[in-house]
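K.L.:
Have a look at this one.
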Amino acid sequence: MKILVIEDNESVASMIELFFSKEGIDGEFVQDGLEGYQRASGEHWDCLIIDWMLPGMDGVTICRKLRQADVDIPIIMLTAKDSESDQVLGLEMGADDYVTKPFSPLALMARIRAVTRRYAQPPVPPEEEGVLRTIHFKMDTNTREVLLDGKPIPNLTPKEFDLLHFFLQHPRQVFSREQLLDRVWGYDFYGDDRTVDVHIKRLRTKISTEDRPFFHTVWGVGYRFDETSGDPA
């Protein structure tokens, strides 16, 4: 991991440098804000640690200018300012997190791991937001459309959709009728718990086959949804 630290306090920089060496982190240290901005924008880094108060260019300005230039690097602000308004300002200028002085190296390392982990996760394409994919199903919660092996399932009622969505999110787990009423219908539902049986029977008619029942009755308990089992219910 290669990290640029822009910090003019020598004791703070020395503490971070010592800890980085123990963690096997390649740390580069700059004391001047303008030089730090130039290096941050012109070289590859896995993370930036920027002090708030710096000579040449302050940390908030560095952060703002980097984000305006579409520099997509995790940024952690170091600040002696502990007021909420100052912290909010740093985040609004594009910082991902902040650490208030004095701080422990372990706390800083935890923040570094957290922000770099978030950046390492692949972004979800806009067209995939709200889309749930399983072995056989593709469910779009925005359009409320469901595909089974690439073919649309027609005429799902709103509650059938909600019930199937719940089971797709919890494969192979067993739920009682009462649990399903609470999680799908809501705690304020006052109807008969046999309404669960009716909706599952309807879903079975629309999506199940003899070799792929999907819904399995667990006698004396409730229901289980399993796309991997071909055993009859």
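The values are calculated or read from the model by the stated rules, or taken from the named source; none is laboratory data. All values reported here derive from a predicted model rather than from experimental measurement. Glycine also receives a Cβ, built like all others from the backbone with ideal geometry; neighbour counts cover every protein chain displayed. Note: accessible area is taken over every heavy atom of the protein model, side chains too, but ligands, DNA and RNA are not part of it. Shrake-Rupley method; radii C 1.70, N 1.55, O 1.52, S 1.80 Å.
K.L.:
Roughly how tilted is helix 59-68, in degrees to the nearest 10 and between 0 and 90, from the longest Cα axis of the chain?
P.N.:
With both axes taken from Cα atoms, the answer is about 50 degrees.
K.L.:
How much length is gained on full extension from Ser21 to Asp182, taking 0.36 nm per residue of separation minus their Cα-Cα distance?
P.N.:
In short, 52.7 nm is gained.
K.L.:
Binning every alpha carbon pair distance of segment 1-60 at 5 Å from zero, what are the percents per bin?
P.N.:
Reading the bins upward from 0: 4, 21, 32, 24, 15, 4, 0.
K.L.:
A further question follows. Keeping all protein chains in place and using 1.4 angstrom, which order do Ser11, Ser41 fall into by accessible surface area, from largest down? Could the numbers behind the result be given before it?
P.N.:
Working: Ser11 80, Ser41 60 Å².
Ranked list, largest accessible area first: Ser11, Ser41.
K.L.:
DSSP loop (so not H, G, I, E, B), at most 15 other Cβ within 10 Å: list which GluC sites (Glu not before Pro) in segment 13-43 pass both filters. Spell out each step's value before the answer.
P.N.:
On the way: sites: Glu17, Glu23, Glu28, Glu35, Glu43; in loops: Glu43.
Qualifying residues, ordered by number: Glu43.
K.L.:
Follow-up question, since we're still on this one. Using the basic label-point model (7 angstrom from Cα toward the beta carbon), what is the Leu91 to Gln169 distance in nanometres?
P.N.:
2.5
K.L.:
A further question follows. Which whole-percent values make up P(r) of the chain when all C-alpha to C-alpha distances are grouped in 5 Å steps starting at zero?
P.N.:
The percentages, shortest bin first, are 1, 6, 12, 13, 11, 7, 4, 5, 7, 9, 10, 8, 4, 2, 0.
K.L.:
To the nearest 10 degrees, how steeply does helix 10-23 sit against the main Cα axis of the chain, on a 0 to 90 scale?
P.N.:
The answer is roughly 50 degrees.
K.L.:
Here's another thing I want to ask about it. Below 8 Å, C-alpha to C-alpha, sequence gap of six or more: please give me the relative contact order for the chain in percent. Mind dumping the intermediate values first?
P.N.:
Numbers: 319 pairs, mean separation 26.2, N = 233.
Computed over the chain, the figure is 11 percent.
K.L.:
Using a probe radius of 1.4 Å on heavy atoms only, what accessible surface per residue do you get for segment 1-40? Whole Å² is fine. Each step should come with its number before you reach the end.
P.N.:
Values: 2060 Å² over 40 residues.
Accessible area per residue, segment 1-40: 52 Å².
K.L.:
For segment 125-219, which GluC sites (Glu not before Pro) pass both filters: DSSP loop (anything but H, G, I, E, B) and at most 11 other C-beta atoms within 10 Å? Could the numbers behind the result be given before it?
P.N.:
Numbers: sites: Glu127, Glu128, Glu129, Glu145, Glu160, Glu178, Glu210; in loops: Glu129, Glu210.
Counting only loop positions with at most 11 other Cβ atoms within 10 Å, the GluC sites (Glu not before Pro) in segment 125-219 are Glu129, Glu210.
K.L.:
Sticking with this one: Pop a pseudo-label 7 angstrom from the Cα along the beta-carbon direction at both Thr134 and Leu106 and give the gap in nm to one decimal.
P.N.:
4.2
K.L.:
Further question on the same structure: Just tell me the longest site-free run in the chain, where the sites are trypsin sites (Lys or Arg not before Pro) in a DSSP loop having at most 13 other beta-carbon atoms within 10 Å. Write down the numbers at each step before the final one.
P.N.:
Details: sites that count: Arg144, Arg172.
Longest stretch, sites excluded: 1-143.
K.L.:
May I ask you to give the percent of accessible area on the chain that is carbon plus sulfur, with a probe radius of 1.4 Å? All intermediate terms of the calculation are to be shown ahead of the outcome.
P.N.:
Numbers: 6500 of 13060 Å².
The nonpolar share, carbon plus sulfur, comes to 50 percent.
K.L.:
If r is the Cβ-Cβ distance from Lys159 to Glu210 and R0 is 22 Å, what FRET efficiency results, to the nearest 0.05?
P.N.:
So the FRET efficiency works out to roughly 0.30.
K.L.:
About the Cα centre of the chain, how large is the charge dipole given +1 on each Lys and Arg Cβ and -1 on each Asp and Glu Cβ? Please answer in debye to the nearest 20.
P.N.:
Working: 27 positive and 40 negative charges, 224 e Å.
Value, rounded to 20: 1080 debye.
K.L.:
Something else: State the extension gain, in nm to one decimal, for the chain segment bounded by Lys65 and His44, taking 0.36 nm per residue of separation less the distance between their alpha-carbons.
P.N.:
Working: separation 21, 0.36 × 21 = 7.56 nm, distance 1.63 nm.
In short, 5.9 nm is gained.
K.L.:
Sticking with this structure for a sec: Return one number: the angle in degrees, 0 to 90 and rounded to the nearest 10, between the long axis of the Cα atoms of helix 194-207 and the longest principal axis of the Cα atoms of the chain.
P.N.:
In the chain, helix 194-207 runs at an angle near 90 degrees to the longest axis.
K.L.:
Moving on. Using the per-residue mean of other Cβ atoms lying within 10 Å as a proxy for protection, in what order, highest first, do the peptides 93-105, 48-60 fall? Walk me through the numbers before you get to the answer.
P.N.:
Details: 93-105: 16.6, 48-60: 21.1.
Answer by packing, highest mean first, reads 48-60, 93-105.
K.L.:
Further, regarding this structure: Loop-only chymotrypsin sites (Phe, Trp or Tyr not before Pro) in segment 144-210, please: DSSP not H, G, I, E or B, and at most 14 other Cβ atoms within 10 Å. Provide the component values of the computation, followed by the final result.
P.N.:
Numbers: sites: Phe161, Phe166, Phe167, Phe175, Trp185, Tyr187, Phe189, Tyr190; in loops: Tyr187, Phe189, Tyr190.
Qualifying residues, ordered by number: Tyr187, Phe189, Tyr190.
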